1. Ranked highest first by average number of other Cβ atoms within 10 Å, how do 7-15, 139-147, 54-62 line up?
2. Considering only protein heavy atoms and a 1.4 Å probe, what is the carbon-and-sulfur percentage of the accessible area of segment 202-252?
3. Could you report the accessible area of residue 231 in Å², rounded to 10, computed with a 1.4 Å probe on the protein chains as they sit in the structure?
4. Compute the label zone of residue 251 within segment 34-53: residues whose backbone N is under 19 Å from the point 7 Å along Cα-to-Cβ.
5. List the DSSP H helices in the chain whose Cα atoms stretch 15 Å or more along the helix axis and whose mean Kyte-Doolittle hydropathy is at least 0.5.
6. Just to compare against my own numbers: the Cα pair-distance distribution for the chain, 10 Å bins, whole % per bin, please.
7. Compute the Cα gyration tensor for segment 84-194, then decide on rounded, prolate or oblate, letting a ≥ b ≥ c be the square roots of its eigenvalues: rounded whenever a/c is under 1.5, prolate when a/b is larger than b/c in the other cases, and oblate in all that remain.
8. So what is the accessible area of segment 72-179 per residue, in Å², with the probe set to 1.4 Å?
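The values are calculated or read from the model by the stated rules, or taken from the named source; none is laboratory data. Just so it is clear, the model here is predicted, and its values are computed rather than measured. Cβ placement follows ideal geometry from the backbone for every residue including glycine, while neighbour counts extend to all protein chains displayed. Areas reflect the complete protein model, heavy atoms only, side chains present, ligands, DNA and RNA absent. Shrake-Rupley method; radii C 1.70, N 1.55, O 1.52, S 1.80 Å.
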Amino acid sequence: MRFALIGSGSKGNGTLIEHGRTRILIDCGFSLRDTEARLQRLNCDPQSLDAVLVTHEHGDHIRGVGLLARRYGVPVWATRGTINGSQPGKVPTLNLFDVHQTLAIGEIEIQPFPVPHDAREPCQFVFSNGDRRLGLLTDTGSSTPHIHASLSGCDALILECNHDPQMLEEGPYPVSLKQRVGGGYGHLSNAQAAQILASLDTDDLQYLVAAHLSDKNNTPALASQALADILGCPPREIEVACQEQGTDWRQV
């Protein structure tokens, strides 16, 4: 199983997961043209996608879903709350899933789990090929025991490090937005991400990617240092996904 981020941040998000003959795109927050270019960078033909799996209805995650699905005939998977909150338009195939039930798309098993975020029915995922597990956690304002249980023991983890609280407090956002981002239904700070990481079984962890960094309220150095302190490794060993380039493919 391998994965790559096509971009990560407040301007758009997307993550590719591949195993065997199955290829899934999680979220598509970019324009169709931009999405095609980002997929091309990773040598991914949009027609090869077996599904677009949606975490929630905010624009930086769902903006391009309908366009991509209609252009290339890609099935869309989402919760009922997400679809009701977004209405992405007619898509070739729409599959609704329950955040408390495991599902399978091709050769990849997917365990959804609910997260506290200011959306209709937001969720994140753990992906498995039967041998290795990849956890994805972004767009989460706080942690829960269920989140910890879901992510513990993963072989790879994509973990939100959205903001540094001091930079958020002193930054340019209006007070209402600062409260939203830093609130229990907003986004994880570096310290919150580190606390989650510290609670997990990381014995099998091969890759850790810091994701969804704010370009105004965080820096890659702060995010990587916070996570490295928990793992006891040099910060350079923590990969940071960027908005423009995302990451390259990583084999789990």
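1. Peptide ranking by packing, descending: 7-15, 54-62, 139-147.
2. Ligands and nucleic acids excluded, carbon and sulfur reach 46 percent.
3. Answer for residue 231: close to 60 Å² accessible.
4. 42-44
5. 220-231
6. Going out from 0 Å in 10 Å bins, the chain shows 8, 34, 39, 17, 2 percent.
7. In terms of gyration-tensor shape, oblate.
8. On a per-residue basis, 43 Å².
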